[in-house]
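Worksheet for the structure shown next.
The values are calculated or read from the model by the stated rules, or taken from the named source; none is laboratory data. All values reported here derive from a predicted model rather than from experimental measurement. Counting neighbours? That spans all protein chains shown, and the Cβs are built from the backbone with ideal geometry, glycine included.
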Amino acid sequence: MEDCRIAPIGDRLAANLVVSGNWSALGRLETALPGIAQKLDLQVRYERCGPREQNPEFRPYAADVIAPQQPDLLVHLLEFFGSQDVEVAEISTQKYASNYTGAEMCSVQMVLHVPVNQHPQALRESFMDLCDDLNADGMLDPIKT
């Protein structure tokens, strides 16, 4: 197993697995999956894929956004980072009610790959302007590796 991500979604669990091996082992796994799914009452979807292309010319950043729940929040964030040539590597969101007001809120955490030729302060200022436009609080900081 190369990678595994498991997350609760509603009253279910979602798991994404990346496995590797020779063609014979992968073929046996693909053949066995429908029977395993039926026995354990799972829904299984699988496909073959290649390795993820890695660009070593980036810096890892974390973005955190807390905002009132709005249907297009993720769209605005993804469009912004796409327009800045920033790759979004991971996204995690959570909806909750504010303890003080009961307002519907949304928390978004992102892992980003920022090109090394991107000026960090200019990106941070543009991101903060976006957060102001979205009535959101945001942070954009490098991930220390």
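For residues that are modelled with pLDDT of 95 or more, outside any strand (DSSP E or B) and under 15 Å from I66 (Cβ atoms), tally how many sit in the stretch 90-132.
5
With the structure loaded, tell me whether P60 is closer than 17 Å to Q109 by Cβ, surrounded by 10 or more Cβ atoms within 10 Å (Cβ to Cβ) and not aromatic (F, W, Y) or whether it fails that test.
yes
Select from the stretch 63-97 the residues that are surrounded by 12 or more Cβ atoms within 10 Å (Cβ to Cβ) and without any contact (Cβ under 8 Å) to a residue 12 or more places away in the chain and list them in ascending order.
Of everything in the stretch 63-97, those that are surrounded by 12 or more Cβ atoms within 10 Å (Cβ to Cβ) and without any contact (Cβ under 8 Å) to a residue 12 or more places away in the chain turn out to be L78, E79, Y96.
If L130 satisfies all but one of (1) touching a residue at least 12 places away in the same chain (Cβ under 8 Å); (2) among the aliphatic types (A, V, I, L, M); (3) within 28 Å of E2 (Cα to Cα), what's the number of the condition it fails?
Evaluating L130 over (1) touching a residue at least 12 places away in the same chain (Cβ under 8 Å); (2) among the aliphatic types (A, V, I, L, M); (3) within 28 Å of E2 (Cα to Cα) leaves (3) as the failure.
Would a scan of the stretch 3-17 turn up a residue that is among the polar types (S, T, N, Q) and either in the same structural domain as K95 (by TED's automatic domain parsing) or part of a helix (DSSP H, G or I) (or both)?
no
Say whether the condition of being under 21 Å from the mean Cα position of the chain (by Cα) and not in a helix (DSSP H, G or I) is met by at least one residue in the stretch 18-36.
The answer is yes; a qualifying residue exists.
Looking at the stretch 50-62, which of the residues that are touching a residue at least 12 places away in the same chain (Cβ under 8 Å) and in a loop (DSSP other than H, G, I, E, B) is nearest to the chain's Cα centre (by Cα)?
My answer is N55.
Report every pair of residues separated by at least 6 positions or lying on different chains whose Cβ atoms are under 8 Å apart, first residue within the stretch 2-30 and of a type in the set (D, E), second in a strand (DSSP E or B) and surrounded by 11 or more Cβ atoms within 10 Å (Cβ to Cβ).
From residues that are of a type in the set (D, E), the pairs are E2/V18; D3/L17; D3/V18.
Pull up the stretch 88-145, narrow it to residues that are of a type in the set (D, E) and touching a strand residue (DSSP E or B) at 6+ places or on another chain (Cβ under 7 Å), then point me to the one that is nearest to I9 (Cα to Cα).
Among those that are of a type in the set (D, E) and touching a strand residue (DSSP E or B) at 6+ places or on another chain (Cβ under 7 Å), it is E90.
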